[in-house]
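Q: What follows is a single structure, and I will ask about it in a moment.
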Amino acid sequence: MIADIILVIAAALFIGVYVSWRAGRIDRLHARVDMARAALDVTLLRRSSVALELATSGLLDPATSLLLAAAVHGTRGGDRPHDLAESDLTRALRAAFGQPGFRSSLSGKEGADELLAEVEAAAHQVFLARKFYNDVVAATREARNRPLARMMRLSGKAKAPEFFEMDDSLVAENSGAPLGF
Amino acid sequence: MKIGITCPYSWDVPGGVQSHIRDLAEALIDEGHGVSVISPADDDTPLPRYVVGAGRAVPVPYNGSVARLSFGFLSVSRVRRWIREGGFDVLHVHEPEIPSLSLLACWVASGPIVATVHTAIPRSRILLVTYPVVRTGMEKINGRIAVSEAARTTLVEHIGGDAVVIPNGVATRRYRKADPLPGWPGPGGAIGFLGRLDEPRKGLSVLLKAFEILGAARPGLRLLIAGPAADHEEVLYRVPAGLRDRVVLLGQVSEEDKVRVLHSVDVFCSPNTGGESFGIVTAEAMAAGVPIVASDIDAFRQVLRGGEAGELFATGDPGDLARAAGRLLDDAARREQLSAAALAAVADYDWSVVARAVFSVYETVVLGSTQVALTDPGSEFP
């Protein structure tokens, strides 16, 4: 009799510990989503800053400058949804970098090589940060959707994180052709 | 005078700016001037003799939509070569605030420059960030033209500077002759309408109500409607079931078919209830010589010379429209008379008249100035 009671209490304890471990895991995943999102925002901001620097550097012709500046402007508030505006900036960068002979036309000008490298590095970081962010979003959504988590409402009031979809494929490397067009 | 005109948008894509430049260039050539237009264009596009292709335009996001533009250092060198070989007395750039050929031309050229603003979009902030780069080009413009009062207002309020307003012209000879669509106007007569079907101010519902009256009394009469709409079915359901087979909806039509539509009807109707500053469609119908019934709004009263060149009816009144259109349908002599009067009146709005107004702007800016030349390479930046 007593053994039965101990067994029931032990089972209840075990289940309780397991459920709370699962809840803690979901909580930790949400925290990781927030961190990944902050990192993604930082890389997007850095990319738009160096793109603006390139636009105002005087290295480019005014039409390309204006295109880039307008695209950067679009990512900083405005009517267009953030993901679309960031994709627009990607496409504007790709159109600028994709001109045949773009790089050779600038090489030799003061500061040009460094600035181009900086823009490309920033664009690559966006690509990485977005990949990592979507990765942890996928894991979180999966954990939230497990039957036990749904039944016990383990995610509490936290909203399901959303994927960040945008066009972030890198600018063409000396290939002379813009990617994706 | 030798005139160089720059077009920012691809020549192979139809658009308002492109047709404006085409009509202006042809009108100037007719007046005996030398005109060369540089425009983005695909290499295999057949171009008119006066157009120089600047290479394929690249689709790129700008202002929330994708535009096909020419930019980059290759475009710069093409514009340079065009200016060097052109020997122009005046350079006329269109939409210099779009990042394309016109902006580049301002940048590399010196001498008399005229700019035409078609759609002024407030984007002062972008201009501010790129200011040193863009300013150099903008400051060289000697005279600005706006195609509408609205464009001028935006320019004055948001970008700074002023402009003279010279509205678009009508290429009247494009409308003069065309074959009617097969089977039109038909023995029972036909009434025509052109314009957006779901824009209330275009007044299609007034015309549909008038057609209920007219159609009931005249068994053969048909209605020909051309123009875009979100839902064509819905338009048809606004007509009583017995009349539906006599209402023909063409949807959006090409420029050529638009002219054929105008020649396919006995009477053209402009039932607008407001919102028109000029009434370009009405003027085009006049140029086709089709008798017109139009609502009595300021824009139409002016272009129709107070009713001399077309019948006016009480704005928004289907009964009055039905009476006016019915009178015209019954009176062939009156139709002839209105057609002749409309052709005479619309000559005032012909591109040749507009081109002369533009030319007087050229004459003003070339005073005391030299030919268009290139700035020294590398001196574009302040």
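The values are calculated or read from the model by the stated rules, or taken from the named source; none is laboratory data. Note that the coordinates shown come from a computational prediction; the quantities given were computed from them, not determined experimentally. Backbone-built Cβ (ideal geometry, glycine too); neighbour counts: all protein chains shown.
Yes or no, residue by residue, for (1) buried (at least 19 other Cβ atoms within 10 Å of the Cβ); (2) away from chain A (no Cβ under 14 Å):
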residue	(1), (2)
B:V134	yes, no
B:I141	no, no
B:I145	yes, yes
B:S148	no, yes
B:L155	yes, yes
B:D162	no, yes
B:V165	no, yes
B:N168	yes, yes
B:A171	yes, yes
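Q: Would a scan of the stretch A:84-106 turn up a residue that is at positive phi and either touching a helix residue (DSSP H, G or I) at 6+ places or on another chain (Cβ under 9 Å) or surrounded by fewer than 22 Cβ atoms within 10 Å (Cβ to Cβ) (or both)?
A: Residues of the stretch A:84-106 at positive phi: A:101.
Checking which are either touching a helix residue (DSSP H, G or I) at 6+ places or on another chain (Cβ under 9 Å) or surrounded by fewer than 22 Cβ atoms within 10 Å (Cβ to Cβ) (or both) leaves us with A:101.
Within the stretch A:84-106, one or more residues are at positive phi and either touching a helix residue (DSSP H, G or I) at 6+ places or on another chain (Cβ under 9 Å) or surrounded by fewer than 22 Cβ atoms within 10 Å (Cβ to Cβ) (or both).
Q: For the stretch B:57-71: of the residues being in contact with a strand residue (DSSP E or B) (Cβ under 8 Å, 6 or more places away or on another chain) and among the small types (G, A, S), which is nearest to the other protein chains (Cβ to nearest Cβ)?
A: So the residue we want is B:S70.
Yes or no, residue by residue, for (1) more than 20 Å from B:V372 (Cβ to Cβ); (2) surrounded by fewer than 24 Cβ atoms within 10 Å (Cβ to Cβ); (3) out of contact with any Phe, Trp or Tyr (no Cβ under 7 Å at 6 or more places or on another chain); (4) not assigned by TED's automatic domain parsing to the domain that holds B:P8:
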position: B:H33; (1), (2), (3), (4): no, yes, yes, no
position: B:V60; (1), (2), (3), (4): yes, no, yes, no
position: B:V66; (1), (2), (3), (4): yes, yes, yes, no
position: B:H94; (1), (2), (3), (4): no, no, yes, no
position: B:S100; (1), (2), (3), (4): no, no, no, no
position: B:G111; (1), (2), (3), (4): no, yes, yes, no
position: B:A115; (1), (2), (3), (4): no, no, yes, no
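Q: With respect to B:V79, is the statement that it is within 12 Å of chain A (Cβ to nearest Cβ), out of contact with any Gly (no Cβ under 7 Å at 6 or more places or on another chain), of a type in the set (V, I, T) and without any contact (Cβ under 8 Å) to a residue 24 or more places away in the chain true?
A: When the stated conditions are applied, B:V79 does not pass them.
Q: Whether any residue in the stretch A:18-32 is at pLDDT 90 or above and over 21 Å from the mean Cα position of the chain (by Cα) is what I want to check.
A: The answer is no; no qualifying residue exists.
Q: A follow-up question, please. Look through A:D79, A:D135 and report the one residue that is away from chain B (no Cβ under 14 Å) and closer than 22 Å to A:T43 by Cα.
A: Going through A:D79, A:D135 in turn, the sole match is A:D135.
Q: Could I ask something else about it? Can you find a residue in the stretch B:197-204 that is under 25 Å from B:A340 (Cβ atoms) and touching a residue at least 60 places away in the same chain (Cβ under 8 Å)?
A: No, there is no match, as no residue in the stretch B:197-204 is under 25 Å from B:A340 (Cβ atoms) and touching a residue at least 60 places away in the same chain (Cβ under 8 Å).
Q: Let me ask another. Of the numbered conditions (1) within 14 Å of chain A (Cβ to nearest Cβ); (2) within 21 Å of the chain's Cα centre (by Cα); (3) loosely packed, with under 15 Cβ neighbours inside 10 Å, B:P14 fails exactly one; give the number of that condition.
A: The failed condition is (1).
Q: Within the stretch B:301-312, count every residue that is buried (at least 24 other Cβ atoms within 10 Å of the Cβ) and not aliphatic (A, V, I, L, M).
A: Count: 1.
Q: A further question on this structure: Exactly one of these conditions fails for B:L91: (1) within 27 Å of B:L155 (Cβ to Cβ); (2) outside any strand (DSSP E or B); (3) of a type outside the set (G, A, S). Give me its number.
A: (2)
Q: Yes or no: A:D79 at pLDDT 85 or above and among the acidic types (D, E)?
A: Taking the combined requirement at face value, the residue does not satisfy it.
Q: What's the total number of residues in the stretch A:77-124 that are closer than 18 Å to B:V60 by Cα, of a type outside the set (A, V, I, L, M) and in a helix (DSSP H, G or I)? First the steps, then the outcome.
A: Our first condition is that a residue be closer than 18 Å to B:V60 by Cα; within the stretch A:77-124, this holds for A:80-100, A:102, A:123.
Subset that is of a type outside the set (A, V, I, L, M): A:80-83, A:86-88, A:90-91, A:94, A:97-100, A:102.
Still in the running and in a helix (DSSP H, G or I): A:82-83, A:86-88, A:90-91, A:94, A:97, A:102.
Residues flagged as closer than 18 Å to B:V60 by Cα, of a type outside the set (A, V, I, L, M) and in a helix (DSSP H, G or I) within the stretch A:77-124 amount to 10.
Q: Which condition number does B:T6 fail, the rest of (1) in contact with a Lys or Arg (Cβ under 9 Å, 6 or more places away or on another chain); (2) within 14 Å of another protein chain (Cβ to nearest Cβ) being met?
A: Every listed condition holds for B:T6 apart from (1).
Q: Further question on the same structure: Residues of the stretch B:212-231 being crowded, with 19+ Cβ neighbours inside 10 Å and in contact (Cβ under 8 Å) with a residue 60 or more places away in the chain, which ones?
A: Hits for the stretch B:212-231 are B:L214, B:L221.
Q: Take the residues in the stretch B:268-278 that are crowded, with 24+ Cβ neighbours inside 10 Å and not polar (S, T, N, Q); name whichever of them is nearest to B:L343 (Cα to Cα).
A: Across the stretch B:268-278, the extreme among qualifying residues is B:F268.
Q: I need the full set of residues from the stretch B:232-262 which are assigned to a loop (DSSP other than H, G, I, E, B) and either crowded, with 16+ Cβ neighbours inside 10 Å or at negative phi (or both), in order please.
A: B:R238, B:V239, B:P240, B:L250, B:Q252, B:V253, B:S254
Q: Among (1) crowded, with 16+ Cβ neighbours inside 10 Å; (2) more than 8 Å from chain B (Cβ to nearest Cβ), where does A:E110 come up short?
A: (1)
Q: Among the candidates B:S254, B:S264, B:S205, which residue alone is among the polar types (S, T, N, Q), closer than 21 Å to B:D330 by Cβ and out of contact with any helix residue (DSSP H, G or I) (no Cβ under 6 Å at 6 or more places or on another chain)?
A: B:S264
For every residue, the table says whether it meets (1) within 30 Å of B:S352 (Cα to Cα); (2) under 22 Å from the mean Cα position of the chain (by Cα); (3) of a type outside the set (A, V, I, L, M, F, W, C).
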site: B:L236; (1), (2), (3): no, no, no
site: B:L249; (1), (2), (3): no, no, no
site: B:I280; (1), (2), (3): yes, yes, no
site: B:Q302; (1), (2), (3): yes, yes, yes
site: B:R305; (1), (2), (3): yes, yes, yes
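Q: Residues of the stretch A:55-76 being facing chain B (nearest Cβ under 7 Å), outside any helix (DSSP H, G or I) and among the small types (G, A, S), which ones?
A: A:G58, the sole residue that qualifies.
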